[in-house]
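A quick write-up on the structure given underneath.
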């Protein structure tokens, strides 16, 4: 499990750790990690460190000190290192060490001109502008210096990309976009959360000995978690030799309509291909015929069910029969995945004080979440608002509904009513295609039917869904049905990948 801790929790752990080690020891360990990452990037780009032009963007705090000490190590290996000072002052010991190693300092406080030219000519830029104490966004001259870095120049961020919000992952402009972020002690929430996760690039965690102290500094545990392949292999509901189809889980599917029959096919395919013991389809006869034509193992009609996948391809305002089926499923109190049209029905029930299942996973995209919050009277956010502050709005929806909320996106976030969050990354951009969310709903339905809780269900479904898309895509376009077809290969490989 990858775990991220809030700024406050990390600071308390750092204070406890600093009391145990000599002065400057943690900074030296951090700087060594940054220098190692920089050398690796330079090796990938130009095969050597010697002669490379490295620019350090340096703020006044310890983040800048980490960058300066890393620069000293790179200069000692033959790199040409320029430290562009953005605050008029810098970590004194780190700056002195860099200058002694042959590095150069450029004061950008009188204007970003000289520093900007160095940025344009750099082989590598190290972002040491602001760390955990920084406010979102960048002020001058830092903003102009960051803008001067060519898009093709690799950037290594120290602890986190400067300008992003550390605890929420929001990215008010301007901010740094890094290729690699070297973080210390533990991941920070912004490195796992959208949209900042896209600004972090590859994340490398340098151990500085905070582990024993994090449990004391964060009694409620990590702020954000991410399931790894090993976690997925351990949590996946593998069938036992004694299991029959009912013990493996029966998924009831209320999805699709005469206007959108494909949604029903895709939800059922996602459920079948992810290992449901049985899938029951409940819907119009003409849609059921199409489901059976594609998935003859699906049973059309009511019967025993352990969990439901609801709402994909349904407009409850135009399909009274499916609307009634959605209400019937929610009335059972069984675990449910609510997607698309089912979100409107859930909101309707909440406003009417009608019960919803205790084990409920909502799976909106940003536009659907904005509509849900507006319907429930939780402000009137737009889709763009949700995309800019996904964690905030997902938490608001979870608190308002009492359900787990899986907010779909390039980085998926699953949150609980108490604010705990899981994020999953790794899906290709090609997954933004019609019907992909229907397959995800089917996978989630299978996991709920097998007895997993909604948060674990959401995290595992997102992880496997993204990996299946990557396998199906192979770098090119894909269709939603391709994702469902790839799911068995991903699930079967989990034990090997998780070792």
Residues (in contact with a helix residue (DSSP H, G or I) (Cβ under 9 Å, 6 or more places away or on another chain) and either part of a helix (DSSP H, G or I) or surrounded by fewer than 24 Cβ atoms within 10 Å (Cβ to Cβ) (or both)) located in the stretch 390-407:
390, 391, 392, 393, 394, 396, 397, 400, 401, 402
Scanning the stretch 112-129 for residues that are out of contact with any strand residue (DSSP E or B) (no Cβ under 7 Å at 6 or more places or on another chain) and closer than 17 Å to residue 59 by Cβ, the one surrounded by the fewest Cβ atoms within 10 Å (Cβ to Cβ) turns out to be 116
Taking into account only those residues within the stretch 314-327 that are out of contact with any strand residue (DSSP E or B) (no Cβ under 8 Å at 6 or more places or on another chain) and part of a helix (DSSP H, G or I), which is nearest to residue 358 (Cα to Cα)?
327
Within 15 Å of residue 2 (Cα to Cα), over 18 Å from the mean Cα position of the chain (by Cα) and in a helix (DSSP H, G or I): which single residue out of 145, 214 fits that description?
214
Are there any pairs, at least 6 apart or on different chains, whose C-beta atoms fall under 9 Å, with the first in the stretch 55-82 and outside the structural domain of residue 145 (by TED's automatic domain parsing) and buried (at least 24 other Cβ atoms within 10 Å of the Cβ) and the second at pLDDT 95 or above and not in a helix (DSSP H, G or I), and if so, which?
none
Residue 434 vs. criteria out of contact with any strand residue (DSSP E or B) (no Cβ under 9 Å at 6 or more places or on another chain), over 20 Å from residue 361 (Cβ atoms) and touching a residue at least 12 places away in the same chain (Cβ under 8 Å)
yes
Go through the residues of the stretch 366-389 one by one and say whether even a single one is surrounded by 22 or more Cβ atoms within 10 Å (Cβ to Cβ) and out of contact with any helix residue (DSSP H, G or I) (no Cβ under 8 Å at 6 or more places or on another chain).
no
Would you mention how many residues in the stretch 121-144 are at pLDDT 95 or above and touching a helix residue (DSSP H, G or I) at 6+ places or on another chain (Cβ under 9 Å)?
7
Go through (1) outside any loop (DSSP other than H, G, I, E, B); (2) in contact with a helix residue (DSSP H, G or I) (Cβ under 6 Å, 6 or more places away or on another chain); (3) surrounded by fewer than 17 Cβ atoms within 10 Å (Cβ to Cβ) one by one and return the number of the condition residue 279 breaks.
(3)
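The values are calculated or read from the model by the stated rules, or taken from the named source; none is laboratory data. On a predicted model such as this, the values are computed, not experimentally measured, just so you know. Neighbour counts run over all protein chains shown; Cβ positions are idealised from the backbone, glycine included.
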